[in-house]
Amino acid sequence: MTSSPSLPRALTFADERAEPALLAAPEDLVRRYVELTRKRREIEDQLAYLRAELELTASAALTREAPRGRFRAGDASVIARLQPSCVFDKALIARELQKAGRLADVATITGPGLARFLAGEPVLAARLGEHVRYRNSVVLMATQD
């Protein structure tokens with residue numbers, strides 16, 4: 001019987017605190033990459049601010065009776081809708097769901113996912129009630145007509 005080939009050894013790296021090696025690349029490529037990365041960060045900061053402002057405005061205007069709305073500006077619009085969600089301690093809720101034999105149903109626990117799951121499980125929702133704080137979150141989607 002022949003022996004199986006050995007598995008590749010894990011890569012070992014030199015001390016990561018040492019100065020990194022200088023790699024060759026066209027200067028314009030490096031400069032352009034750094035410039036675009038800086039611009040992307042600026043755009044992401046602006047988007048985060050605008051998103052927060054629109055979410056605040058939408059959450060004040062939307063209700064359970066009217067959970068969807070639209071902001072319009074010419075041929076552009078932003079659709080807003082309320083989404084049930086909740087805030088909770090992930091470790092504690094995971095343990096409780098595991099005890100109830102329901103962890104497989106909600107393998108990835110997120111606020112909206114847990115809120116939807118508990119809406120269909122009133123007994124479990126009552127049991128977890130003191131550990132889960134329900135709220136509505138706003139989902140935004142930009143469209144161009």
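Computed from point charges on the beta carbon alone (+1 for Lys and Arg, -1 for Asp and Glu), the dipole magnitude for the chain about its Cα centre is near 520 Debye. A simple charge model with +1 on the Cβ of Lys and Arg, -1 on the Cβ of Asp and Glu and nothing else charged puts the dipole of the stretch 59-145 at about 100 debye relative to its Cα centre. Solvent exposure of the chain amounts to 82 Å² per residue of accessible area, where only protein heavy atoms count and the probe is 1.4 Å. In this simple spin-label model, placing a label point 7 Å from the Cα along the Cα-to-Cβ direction at both E19 and D89 gives a separation of 5.0 nm.
Loop-located trypsin sites (Lys or Arg not before Pro) across the stretch 58-145 with a Cβ neighbour count of 16 or fewer within 10 Å are R64, R102, with loop assigned by DSSP.
Of the residues G101, A142, L82, the one whose Cα sits farthest towards the positive end of the charge dipole of the stretch 81-145 is G101 (charges of +1 on Lys and Arg Cβ, -1 on Asp and Glu Cβ, taken about the Cα centre). Translational diffusion of the stretch 32-97 was estimated from the Stokes-Einstein equation, with Rh taken as the Kirkwood radius over Cα pairs; at 20 °C and 1.002 mPa s the coefficient is 141 µm²/s.
Surface composition of the chain: carbon plus sulfur atoms hold 57% of the accessible area, using a 1.4 angstrom probe and ignoring ligands, DNA and RNA.
The values are calculated or read from the model by the stated rules, or taken from the named source; none is laboratory data. Here the structure is a predicted model, which means the values were calculated and not measured. So basically every Cβ, Gly included, is an ideal-geometry build from the backbone, and we count neighbours across all protein chains shown. Accessible surface areas use protein heavy atoms only, side chains included; no ligands, DNA or RNA. Shrake-Rupley method; radii C 1.70, N 1.55, O 1.52, S 1.80 Å.
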